[in-house]
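The values are calculated or read from the model by the stated rules, or taken from the named source; none is laboratory data. Values in this document were obtained by computation on a predicted structure and should not be read as measured data. No Cβ is skipped: glycine too gets one built from the backbone with ideal geometry, and neighbour counts run over all protein chains shown. Only protein heavy atoms, including side chains, enter the accessible area calculation; ligands, DNA and RNA are left aside. Shrake-Rupley method; radii C 1.70, N 1.55, O 1.52, S 1.80 Å.
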Amino acid sequence: MTEPVIELEDLSLTLGEGASSVHVLKGISLSVEAGQSTAIVGPSGSGKSTLLMVIAGLERVDSGTIRVGGTMLNGLSEDAIAAFRGRTIGIVFQSFHLIPNMTALENVAVPLELAGHRDPFGAAEAELAAVGLSDRLTHYPGELSGGEQQRVAIARALAPRPAILIADEPTGNLDQATGRQIADLLFAKAEERGTSLVLVTHDPSLAARCARQVSMRSGRIETAALETAVPA
C-alpha cells in the first residue's frame, strides 16, 4: 500500500484570543491517497477552508501532525514551508487572487520564476494554452471574464507540476455554465497529470464528481467515506 500524499493526525486549531477565540479544528485526522479527488463539504463555519490552509502550510495548528507529500510540516520555518509549497502544492481560490498589474502570462510565470524554472515564460505560455487561453497572454485580469481569470489561476497553480492541487470554492464566483466548464477543466487536468485534488465546495454536484467526500461540521469530520464519483 502506498504512503498517503496527505496525512493529518489529531489536528487542533484555535483562532483569536480570549472571549473572541474560536476553536476552528477539533481533533481532525484524515488521509488522502495519491491521485485521489476529495471534496470537503459542510455548512459555513465548519472549518473547511481553514483545513485547506493547514494542508497548504498557510495556517499553523496548535497541536497534531501534518505530513504532506512525505514531508512533515510541523516545525518547518516559514521559508521552508513556502519553498515546499511552491514545489508540491497548487492553490486555486474562489476570488482568483491574480496580480492585477500583471498580464495573464506574467501571473502564471511568477511561481515558475520563484522556483528557478529555466524557461518560466515558455512554460507559462504552454500552461495557458492548455487551459484554452492562448489568445489572452497579454491581457490583464481586469480585461478577462471571471471564467478566464479562473483559468489563469488554474494554469498558475498547475504550472510547477504540483503533486497536490487544492481548490477553495473554485466555482463559487462563476455562473452555472462557466462553473461547470471550470470544474471540467480542474478534473481533467488533475486526472491527466495524476494530481491529487482536494476541494472545498457548497455545490453538491461538484462534490459528487469526487471519488471521496469528507463531511465537516463544527470543526470536526463527521464522515470521510469513499464515494462512487458521478460522471460529468
Next item on the list: Compute the accessible area per residue over segment 86-191, keeping the other protein chains in place, probe 1.4 Å, unit Å².
Entry: 45 Å²
Note to self: Can you order the peptides 128-138, 89-99 by their average number of other Cβ atoms within 10 Å per residue, highest first?
What the structure shows: 89-99, 128-138
Margin query: If the elastic network links every pair of Cα atoms under 10 Å, which of S21, S63, S77 fluctuates the most in the Gaussian network model of the chain?
Written below: S21
Notebook entry, point to check: What does the charge count near G47 come to, summing +1 for each Lys or Arg and -1 for each Asp or Glu among other residues with Cβ under 10 Å from its Cβ?
Noted result: +4
Next item on the list: Could you please report the charge total around L76, scoring K, R as +1 and D, E as -1 over all other residues with beta-carbon less than 12 angstrom from its beta-carbon?
Entry: +1
Next item on the list: Before rounding to the nearest 500, sum -39500 (n - 2.57) across all DSSP H runs of length at least 4 in the chain and divide by the residue total; then give [θ] at 222 nm in deg cm²/dmol.
Entry: -10000 deg cm²/dmol
Margin query: At a threshold of 8 angstrom on Cα-Cα distance, excluding pairs fewer than six apart, so keeping six or more, what relative contact order does the chain reach in percent?
Written below: 27 percent
Margin query: Test of understanding: express the Cα radius of gyration of segment 1-72 as a ratio to 2.2 N^0.38 Å, with N the residue count.
Written below: 1.15
Next item on the list: Between G35, G64, G18, find the one with the highest GNM mean-square fluctuation for the chain; connect C-alpha pairs within less than 10 Å.
Entry: G18
Notebook entry, point to check: Using 19 Å as the cut-off for backbone N distance, which residues of segment 194-219 belong to the label zone defined by a point 7 Å from the Cα of L15 along Cα→Cβ?
Noted result: 199-202, 215-219
Note to self: With a 10 Å cut-off between alpha carbons and a GNM built on the chain, which of E191, E17, E222 moves the most?
What the structure shows: E17
Next item on the list: Give me the distance in nm between label points sitting 7 Å out from Cα along the Cα-to-Cβ direction at K26 and M53, one decimal.
Entry: 2.0 nm
Check: So for the pair I99, H139, with labels modelled 7 Å out along Cα→Cβ, what separation do we get in nm?
Finding: 2.0 nm
Next item on the list: Would you mind telling me the share, in percent, of accessible area of the chain contributed by carbon and sulfur at probe 1.4 angstrom?
Entry: 49 percent
Notebook entry, point to check: From the Cα gyration tensor of segment 118-165, with a ≥ b ≥ c the square roots of its eigenvalues, which class applies: rounded if a/c is under 1.5, or else prolate if a/b is larger than b/c, or else oblate?
Noted result: oblate
Checklist line | Rh by Kirkwood over Cα pairs, then Stokes-Einstein D for segment 30-128 at 1.306 mPa s and 10 °C, µm²/s | finding: 102 µm²/s
Margin query: At 0.692 mPa s and 37 °C, plugging the Kirkwood radius over alpha-carbon pairs of the chain into Stokes-Einstein gives what diffusion coefficient in µm²/s?
Written below: 182 µm²/s
Next item on the list: Calculate the spin-label point distance for H117 paired with R180, positioning each point 7 Å from the Cα along the beta-carbon direction, and give it in nanometres.
Entry: 3.1 nm
Checklist line | With eigenvalues of the C-alpha gyration tensor scaled by 5 and rooted, segment 172-219, Å | finding: 19, 16, 8
Checklist line | Full-extension gain in nm, E191 to T223, via 0.36 nm per residue minus C-alpha separation | finding: 9.1 nm
